[in-house]
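Everything below concerns the one structure shown next.
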Amino acid sequence: MRPSSRLALHGGVPRIRKKFRRYNSLGPEELRAATQVIRSGILSQFLGTWDPDFYGGPRVREFEKACCRFFRVNHAVTVNSWTSGLTAAIGAIGIEPGDEVIVPTWTMCASATAVLHWWGIPVFADIDPLTFCMDPRSVEKNLTPRTRAILAVDIFGQSCDLDALRKIANKKGLRIVGDTAQAPGTWNCGRVTGTLADIGGYSLNYHKHIHTGEGGILVTNDANLAERAQLIRNHAEAVVGGKGVKNLVNMVGHNFRLGEIEAAMGTTQLKKLPRLVRNRQRAAERLTRALQGLPGLRLPYVRAGCTHAYYMYPMVLDPQALGVDRAWIIKALRAEGVPDLSPGYANVHCLPIYQKKIAFGSRGFPWSLPGARGGVRYGPKTCPVAEDLHDRTFMAIHFCAFEMSDAEIDLLAAAFHKVWNHLPRA
Ligand SMILES: *Cc1c(COP(=O)(O)O)cnc(C)c1O
C-alpha cells in the first residue's frame, strides 16, 4: 500500500497538509472607519442621565439606524456584547425572581445565564434531532405555571421553528426572546431571522460572521421593549426620574454601552454581511455535494423556506452503519488534517452551576427563592436527544473559523472520502 493511501492515523501521509486561512471579515473599510473615529477624539459619547447623549454618540446612532434598515425592524439597540444584549432583553421583558424561562440545552451558556442574572430560572428544553434547535414539543412539556418566556436560539446558522414557538407563546401568554448570534443575515420564509421574537439580536464577537471585536445588536418592533433595553444598557436607575419612566420593574442599570470605534466598524461590517453569508453558503453547499452519499454520515439539514449561515457545519454519524465509533472517525479525520472538528456540542443543562444549583451565594439562589417552583431538574436524562447526540453521534466543523476556497473545500471532502474508504469493514 502506498503511504499516501494509508490513513494518517496509521502512519500514512495526511490528505490535508496545509493550514486553512483564518476567517477575517476586516479590511480597509474598517481601518478607515476606526481611524476617522480616533481622529474625531470621541471614542464614546454616552451619558448615564436623561440627556440627548443618553442614546450615545454619532457612530452608535448611525449604526443603530443601519441595523434598523438591514434587519427591517423599528428599533435597534447596540450593546457591548451579545451576552449583555441577552441580559438586557430578559430584564426588558420583565422577568421576576423565580420566573421560569425555557431555553434550549444546545446553545452558548450565556443564553441561560442571562435568565439567572435577573434571578429567573432557566428550564432546559430538548432539541430537534434534525435542526438541533429547540424542539417545540419539549417546550410544551416543560411549561409550568411559572413559565414566563421562551428563549429561542437559532443554532448553528438557521432559524428555529419560531412559528410553532409563537403558537405556544400566544396560547400561554409568554414572551419570546431570540438569540440569533449564529444566524445573522439568514431568512425564514421571507422574514429576517432574529426579528420574529418579541426582542432578539445578534453577536458581534470575533468568531461570528461579522464582528467589532466585542459587541451586540438588540432588535425589536416594540418601542417599549426598546426603551427598557436602552435604560438597562445605560444606568436605568439614574435616568428613569428625568425621563419620566413609570414602570420601575428591572430598572437596575448596567453599562452595556458600545464604543464609537466598534459602532463605526459595525456599520461597515453590516454592509458586508450578505456577501459573507453567501460565501459561507457556497462553501458549505459545495462540501455537502461532495460528501453526499457517504454511508453513516448525515449532512446538514436546511428547513424548508429557511437559509443557513453555516456558523457550524453540523453532521451526525451512525456508528452502527459505520462499524466504528465517533471517537475513531474524529481521530482519523483529525489525523488527515481536518481542522476544528468537535465531537458533540454543549449540553448546558449538565453544567455544574445547574446540576448543583449554585449560582448566587452558596444557598441555592435563585432556585431556593420563596415563590420559586421547587423541583426543576437538570443533568443527565432530562434532555435525551441532545445527550445522545452529544455523547455518541454528533460532530461539527466550526465553519465560521476559516476562509476556504473551492480547492480547499475539495481537499476537505477528499479527507472524508479517504477515511470512509478505510472504514474497517464489519
Ligand atoms: C456567541 C454567542 C452568544 C454570546 O455572544 P457574545 O457577543 O460573545 O457575548 C450567545 N448566544 C449564542 C448562541 C452565541 O453563539
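Values computed for the structure shown
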| item | result |
| --- | --- |
| Mean shadow area of segment 338-395, taken as a quarter of the surface of its Cα convex hull (nm²) | 5.2 nm² |
| Mean Cβ neighbour count within 10 Å, used as a protection proxy, ranking 353-361, 57-65 highest first | 57-65, 353-361 |
| Amide N proximity, segment 3-46 versus Asn279 label position 7 Å along Cα-to-Cβ, cut-off under 12 Å | 21-28 |
| Nonlocal amide H pairs with Phe46, under 5 Å, H built at 1.01 Å | Gly57 |
| Fully extended contour minus Cα-Cα distance, from Ala327 to Ile38, at 0.36 nm per residue | 99.1 nm |
| Ile199 long-range amide H proximity, modeled H, under 5 Å | Ile176, Gly178 |
| Taking segment 84-225 and dividing mean pair separation by its residue count, relative contact order in percent (alpha carbons under 8 Å, at least six apart) | 20 percent |
| Antiparallel %, DSSP beta bridges [both residues in the chain], to 5 | 65 percent |
| Rg(Cα) / (2.2 N^0.38 Å) computed for segment 112-246, rounded to two decimals | 1.11 |
| With all protein chains modelled, accessible area of Trp187 [1.4 Å, Å²] | 90 Å² |
| Segment 5-80, relative contact order [Cα under 8 Å, separation at least 6], % | 12 percent |
| Stretchable slack from Leu31 to Gln292, in nm (0.36 nm times residue separation minus alpha-carbon distance) | 89.9 nm |
| D (Stokes-Einstein, µm²/s), Kirkwood Cα radius, the chain, 0.692 mPa s at 37 °C | 144 µm²/s |
| Label-to-label distance, nm, for residues given as Glu96 and Gln320 (7 Å Cα→Cβ offset) | 4.9 nm |
| 5 angstrom amide H check on Cys306, placed H, neighbours 5+ away | Cys189 |
| Peptide ranges 149-155, 159-165, 67-73 listed from the most packed, as the mean C-beta count within 10 angstrom indicates | 149-155, 159-165, 67-73 |
| In order through segment 205-210: 3J(HN,Hα) via Karplus (6.51 cos²θ - 1.76 cosθ + 1.60), integer Hz, x for Gly, Pro | 7, 5, 10, 9, 4, 10 |
| Inter-centroid distance (Cα atoms) of segment 114-175 relative to segment 206-272, Å | 23 Å |
| Partners for Lys271 among lysines (Cα-Cα distance below 17 Å; same-chain residues under 8 apart left out) | Lys65, Lys208 |
| Ranked by how many other beta carbons lie within 10 Å on average, peptides 18-25, 129-136 from highest | 129-136, 18-25 |
| Cβ-isolated cysteines (cut-off 4.7 Å), the chain | Cys67, Cys68, Cys109, Cys189, Cys306, Cys350, Cys383, Cys400 |
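The values are calculated or read from the model by the stated rules, or taken from the named source; none is laboratory data. All values reported here derive from a predicted model rather than from experimental measurement. Glycine gets a Cβ as well: all are built from the backbone with ideal geometry, and neighbour counts include every protein chain shown. The protein model used for the area step is the full one, side chains on, heavy atoms only, and it has no ligands, DNA or RNA in it. Shrake-Rupley method; radii C 1.70, N 1.55, O 1.52, S 1.80 Å.
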